Structures are given as C-alpha cells and as structure tokens.
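Taking it in order: structure first as structure tokens, then the write-up.
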Amino acid sequence: MFQGSRGASFAQMLMKNIPETSRQTEPSKPAATSNQPSKYTSYKQGNGSYKNGYAKPTASPKTLIEIYKQGDTNAISLIHQLAQVLQFHLEMKETVTPGNLPGLYFAFCVVIDGFEYKTGVGITKKEARLKAAQLALPDLLPTLDCLKSDFPKAADVPPPLPAKEEPSISDLYPRKADHERTSPLNHRIPNEVKDQLTKLMNSHPEFTACAGTAAAFIMQTSGGYDVVALGTGNFNTKESTSLSGRVVHDSHAVVTARRSLMRFLYRHLLMFFSKTANLTEKSIFQRSSSSGLLTLKSGISLHLYVNQLPKGAAQIPSKLRLNPLSISAWQVNNEISLHLSVEGKVFSVFSSPYDHSASKVVSMSTTDKLTQWQVLGYQGALLSHFIEPVYVQSILIGDACCTDIRGMKISVSQRVEGVTSLLPMFYCMMRPHISLVPSVATNSTDGRQFTYGINWSEGDSSLEVVDGLEGKTTEESPFKSGTALASRLCKAAMSHRFKLVAKEAQRPELLAASSYSKAKMMAKAYQEAKNVLKAYLLQQGYGAWPVKVSVSDNFSV
C-alpha cells in the first residue's frame, strides 16, 4: 500500500512550498555567530527565494572553481555555489537507472536552466548525487570560463519578503525572475514555435483564429531547435464514444500536439526499420544495448511549449487564501485533485456535477494528462512496444494572462514525486523545468472557429483542421484522409501506423493482436507503470482515475 492520506499530502505539499518566513510554527534555525552567513542563510535568486544547506559564497566563480580543483570542496558544493553566484536554475533530479546495471542503484542528474547533464549512479542517493555533479562539471565549467563577475554585495540583493498573517498563494509564489524568461532556451523555443505557426497560418489565413491555443513539441539537437509537432484546440467531442476508433474524443491543444508527436515518432520508426541505410541513419532513434528497445539518439531532447496554462489543477486560483498557521486540505482539495473534462468544461473528481452513466465522452484534464506523460512517457502504450519512454525536459508556458506557475509545478511534479521507486525499469517521474515565456499568439473571439483545432507534424505537406465538438476533420480542411472525414490523429489511424511499424520490425506477435485494446494491453511494462501511477495518485488523496467502461478501443487492428 502507498502511504499517506488526502489531508496529509495536501497540507504537507502546501507547507513545503511556502517560504520559510511564513512557517511561523516551525522551530527557528540556529543563528549565525559572525558576520558571515550561516549554513541556514536564506537568500534571493532573481525574484524567487533559494535555499540549501551551504553557506552563501562570497568569492568569484573563478575562485570557487580553483578551490574545487585543489580538492578543498566537492562537486555538489561547487555546483550549488555557482548556482548562487551566477543565479541559474539548478535541480538535482532523480531519474531512471540504466537497465544494464545489476542490483539496486539510484540515479540522479544535474539540470541547469532546463538542460540535463549526464546521469550519475550509486548504491545510495548521496553517492548518486555526487556522481551526477562530478559528471556535469566537465561539461559545465568550460561554458563558465568567460564569467568573471563577483558575487553581488549584500546591498544588491533584495531582502526576503516579510511574513504576512494570511498571505495569498500569489504572494507565496512570486512571478518568475526576468533572467529565467530571457534565458536562451526560453527565448529561442517560442521564436521557433511562432515561426512555424506563422508559416502554417500564412498558407491558410482562414484558420488564423485557431492559433491562440497552440501547443508544440520542440526537438533540441546539437544543430539547434526544431518544431516537430504542433496542435491547437480547446474541446472534447460532444458525440458519444466511437466504436470504430474514427472519432477524436479530446482535441485540446496539448493532446493534439502529443498525438502529432506520436505520428512523428512513427515516421522515424519506419525510417529506422527501413532497408535503406540512408533513412536509418536519418532516424532520431538508436538501439539501446540495455533494453533491446530503441531510444532517442544521444544529444536529442524534447521540450513542450503551451500557449495557454493547461486546464485542471495547474489553474489554481491566484487569490486562494491560505493560513500558514493551519493549512487545511479541504481548502484546496478541489484545486489540486484530478480533474475531468466534459465538452471543454473541467470539474474536480470530488465535485463533478455530471451523470457518470451518461453517454458523453469524459477524459482527464490536460494537466492530469501531462502528469501522466511525465511518468509514463509521451509515446503511449503502442509505441512502447518499440521504444523506451520519451519524456520532455522542459515545459514552457506562453500564456500572457498567467502570472505564476506554482499550480503547474505542484500538479505535474510534486503530486507524483515519490513514485519513481515503485515503477518498472526504464520508467520514472521525469521532473520538467517549467517556466513562463513570451506568448506566440493571441486568442481569437471568432465563435465559429473557436471549436476548431489544427494539427501538423514534421514531414506533413499540409495542416489538418478538426472540429473539436464533432471529433472529425472539417470539410474545408486543407488535408482530408477520405470522405468519412476521420482525422489522421484518430485511434484507427494510429492503429494503421502501428501495424506498419510492427511489420517492418518483424514483430508477428503484435500483428496477431485481435484489437486495438489488446495490442495496448500487451505492453506489459507500460501497463504496470500506469497501474502504479493510478494507485499512487489515489492513495495520496488526489482521487481515482476513471476506468474506461466503453468499448472504444475494441475495434480490430
């Protein structure tokens, strides 16, 4: 059984995220005994508080590096000190252990401003963190050689925010610092998305009104950043569940972009398994020696851009009042619980007003799906027959109306931060770097096209337009697959691609699957990870993930 209850997990999570100055019931830390800050000193990194167990450094980066090279400090201390001095976002992230290692090991990697360094492995978490820091420094330090700046004087550092008797969540989670918004990754990715979206809209200006809800996956390589999948949309279908797999039930932008990403992955799998060496070389995949599956080539990583804060728990009301002296779970259980989406409207699983027995299509909120994908991977069950889990390293939010992202961080990362040790091999809770960035498009008030969504992935000759309420391609869509107007994103279309890859990969057992549902259930490790995640969320008090009672996946493959 997983430990914890709804009340405990909610209260503990919120208390953990409240700045130290607001925790009036917590014992005070030992006071500093000299003019030098103690190891418990709280200081500012940009506009957000930053705290750890290391004394605040007063030396320049060059001096700190020399001290490390002389053996007077360890790799973890140096990286933390550099983060303080240079004010970059640092995270020591627990990740998945390589599959070729016998026995029980822990794995960590250093993440700096969204960039993930090599994975360190050890028999204890302390050892794994140290190894991760040691592996990161050879790549990190050469990029810092030109930095000569000293640590800012105390007067240059803004003082901590004073404690308030009853602060609002927006007080406790200030807007991200400007340096984060202007970091290279946070600047280049929105530009790439905007350029691709502009290119598509210039070719089909009649669908410009669809652009405001855009979401996109960006692939980062040594050559730069490329948009590989894009989607827009804001609705679930109003139709009843399709028995043929030819209706798209969820057309929200992130879901659409993710299904477009799956098409991109299928395309590169076909390239890898082709008999043409040139195509195989151009594929983004390589064979993993540890799992036997395919994995992304070294140096390739994925990022997700969203032009709107996802629906669901990520949208915690900014004026929600929290009393730091007595945080009660009932104050926030509806906000950070799992949420359901019905015809574009979102409800907490604890307060859903609709009839569960009705025939309307119900799906999880976009926020909850992101939570799921950061654990199970964005590839889904069918693709997991061929590839290891695919995660995104960062989620960039370009919502012009969004002033803080603490709800997103709580929902996507903190709700499931303890699940990794329970998951099967190659699965983990991949904590993304989440940040606010400039918006790439404005929302339209065009009522007719508000229900429309577009999809595109690299290699497509044209975009497809889907009516979110109907779940089918529109008559005026530049791309149409046939007279039935079934979208290229529907389950039947994905099933067709799955069979093509299974044939090229010479996997007869997959071709023998009698239905779409059975082919998914044959992905044993994926299904095990999915069951672990659902049980974990339930036991932590976030509610039950609805069980599909329909036969929407039982069509023949």
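Two decimals, Cα atoms only, Kirkwood Rh: what is Rg/Rh over the stretch 190-292?
1.05
Spacing of the modelled spin labels on E206 and N531, each 7 Å from Cα toward Cβ, amounts to 5.0 nm. Here the spin labels are modelled as points 7 Å beyond Cα on the Cα-Cβ line, and at Q539 and E417 they lie 1.9 nm apart. E94: net charge of surrounding residues, Cβ under 11 Å, Lys/Arg +1, Asp/Glu -1, itself excluded? Surrounding charge for E94 is +2.
Say R0 is 51 Å: what FRET efficiency, to the nearest 0.05, do S515 and L141 get from their beta-carbon distance?
On the way: r = 54 Å, r/R0 = 1.06.
After rounding, the FRET efficiency stands at 0.40.
For the cross-link pairs K409/K518; K131/K369; K199/K238; K369/K524, the ones whose C-alpha atoms lie over 24 Å apart are K409/K518; K131/K369; K199/K238. Spacing of the modelled spin labels on K126 and H496, each 7 Å from Cα toward Cβ, amounts to 5.9 nm. Residues of the stretch 281-296 falling in the label zone of Y105, defined by backbone nitrogen less than 13 Å from a point 7 Å along Cα to beta-carbon, are 290-291.
Just the number please: accessible area per residue for the stretch 212-286, 1.4 Å probe, all protein chains included, in Å².
Numbers: 2470 Å² over 75 residues.
For the stretch 212-286, the per-residue accessible area is 33 Å².
Between F350 and S461, the FRET efficiency from the beta-carbon distance, with R0 = 60 Å, is close to 0.85. Compared with the alpha-carbon gap, the fully stretched path from Q286 to A484 is longer by 67.6 nm at 0.36 nm per residue.
Scalar couplings 3J(HN,Hα) for the stretch 404-415, obtained by applying the Karplus form with A = 6.51, B = -1.76, C = 1.60 to θ = phi - 60°, are 8, 10, 5, x, 5, 5, 4, 5, 7, 10, 6, 4 Hz; x denotes Gly and Pro. In plain terms, the chain from K503 to K199 could stretch by 105.9 nm, reckoned as 0.36 nm per residue minus the Cα-Cα distance.
The values are calculated or read from the model by the stated rules, or taken from the named source; none is laboratory data. Source: prediction; values computed, not measured. Note that we place each Cβ from the backbone using ideal geometry, even for glycine, and neighbour counts take in every protein chain shown. In case anyone asks, the SASA skips ligands and DNA or RNA and just uses the protein heavy atoms, side chains included. Shrake-Rupley method; radii C 1.70, N 1.55, O 1.52, S 1.80 Å.
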